[in-house]
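Chemist: A single structure is presented below for examination.
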Amino acid sequence: MKNNIYNFIARTAIDYAHIAPEEVLDISMRQVNTIVEVDFETEWMHYICHVNIGGAVMGFLSEPVSGHKTDGMKN
């Protein structure tokens, strides 16, 4: 049952970021009381999403991945 809740929360966070699940390279979750922090990354972006166990997004942050292989390249 707990896995179903975490799967639902992960899908909620990924949908909120407007990305396809196939784009996610790494994901981790940490629960504190009724809030789950979903930390995930694509090739270009890093996301942190706080979702309550009812499925409501309580906070969201996105930022470019630091140290990407194209950083510092000139056109």
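The values are calculated or read from the model by the stated rules, or taken from the named source; none is laboratory data. What you are looking at is a predicted structure, and each value in this text was computed from that prediction instead of being measured. Cβ atoms come from the backbone with ideal geometry, glycine included; neighbour counts cover every protein chain shown. Just so you know, the surface numbers come from the protein's heavy atoms only, side chains and all, with ligands and any DNA or RNA stripped out. Shrake-Rupley method; radii C 1.70, N 1.55, O 1.52, S 1.80 Å.
Chemist: Name the longest site-free stretch of the chain, where the excluded sites are trypsin sites (Lys or Arg not before Pro) in a DSSP loop with no more than 13 other beta-carbon atoms within 10 Å. Intermediate results must be reported in sequence, preceding the final value.
Modeler: Numbers: sites that count: 69, 74.
Segment 1-68 is the longest.
Chemist: Can you give me the distance in nm between label points at residue 16 and residue 48, each placed 7 Å from the Cα along the Cα-to-Cβ direction?
Modeler: Label-label distance for residue 16 and residue 48, simple model: 1.3 nm.
Chemist: In square nanometres, what is the average projected area of the Cα convex hull of the chain? Walk me through the numbers on the way to the answer.
Modeler: Values: hull surface 22.5 nm².
Dividing the Cα hull surface by four gives the mean projection, 5.6 nm².
Chemist: By accessible area of protein heavy atoms, probe 1.4 Å, what ranking do 9, 19 get, highest first? Walk me through the numbers before you get to the answer.
Modeler: On the way: 9 0, 19 25 Å².
Per-residue accessible area, sorted high to low, gives 19, 9.
Chemist: How far apart, in nm, are two points set 7 Å out from the Cα along the Cα-to-Cβ line at residue 6 and at residue 56?
Modeler: 2.5
Chemist: As a check on your grasp of the helix formula, calculate [θ] at 222 nm for the chain: sum -39500 (n - 2.57) over DSSP H runs of n ≥ 4, divide by the residue count, round to the nearest 500. Could you put the intermediate results ahead of the total?
Modeler: On the way: 1 runs with 15 residues, N = 75.
So the calculated ellipticity at 222 nm is -6500 deg cm²/dmol.
Chemist: Using only Cα atoms and rounding to the nearest 10 degrees, what angle (0 to 90) does helix 2-16 make with the longest principal axis of the chain?
Modeler: The helix 2-16 is inclined about 40 degrees to the chain.
Chemist: Counting only protein heavy atoms and a 1.4 Å probe, tell me what percentage of the chain's accessible area is made up of carbon and sulfur. Walk me through the intermediate numbers first.
Modeler: Working: 2830 of 5360 Å².
C and S fraction of accessible area: 53 percent.
Chemist: For a label point 7 Å from the Cα of residue 39 along Cα→C-beta, name the residues of segment 3-29 whose backbone N is under 11 Å from it.
Modeler: Inside the label zone: 27-29.
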